1. Only one of these is more than 15 Å from the chain's Cα centre (by Cα), farther than 23 Å from Pro2 by Cα and assigned by TED's automatic domain parsing to the domain that holds Met1: Gly26, Gly16. Name it.
2. For segment 10-21, state whether one or more residues are exposed (fewer than 10 other Cβ atoms within 10 Å of the Cβ), at pLDDT below 95 and not in a loop (DSSP other than H, G, I, E, B).
3. For Val59, indicate whether it is modelled with pLDDT of 90 or more and within 16 Å of the chain's Cα centre (by Cα).
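The values are calculated or read from the model by the stated rules, or taken from the named source; none is laboratory data. Given the structure is predicted, the values throughout are model-derived calculations rather than measurements. All Cβ positions, even for glycine, are placed from backbone atoms using ideal geometry, and neighbour counts span all protein chains on display.
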Amino acid sequence: MPVERTDRHELIGSTGHESIPVLVAGGVVVAGEEAIVTYLNTHVAEPTEAEQQRAKAAVMRNQELEEACPELATATP
């Protein structure tokens with residue numbers, strides 16, 4: 001996606017919007033982060049393993065933070 005809004009001809013042509021994020025799902029155009037999240041929450045079922053993946057991601061994120069900031073490792077239980 002081009003950084004400059006004036007260069008987003010393909011986006012504007014296909015969605016009618018010049019800013020991102022924009023979702024096109026089944027011919028429906030949904031613009032804006034909150035509207036997209038709402039659309040996805042009401043139209044797409046969450047995979048059964050989603051909670052497990054979120055927990056795994058949280059562990060990995062904490063490990064990365066502790067490696068980047070060793071003083072956090074001693075402060076975290």
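1. On the way: Gly16 fails: farther than 23 Å from Pro2 by Cα.
Selected residue: Gly26, the only one of Gly26, Gly16 that is more than 15 Å from the chain's Cα centre (by Cα), farther than 23 Å from Pro2 by Cα and assigned by TED's automatic domain parsing to the domain that holds Met1.
2. Pass one, segment 10-21, residues exposed (fewer than 10 other Cβ atoms within 10 Å of the Cβ): 13.
Going one step further and asking which of them are at pLDDT below 95, we end up with 13.
Checking the rest, the ones that are also not in a loop (DSSP other than H, G, I, E, B) come to 13.
The answer is yes; a qualifying residue exists.
3. Details: modelled with pLDDT of 90 or more: yes; within 16 Å of the chain's Cα centre (by Cα): no.
Criteria not met by Val59.
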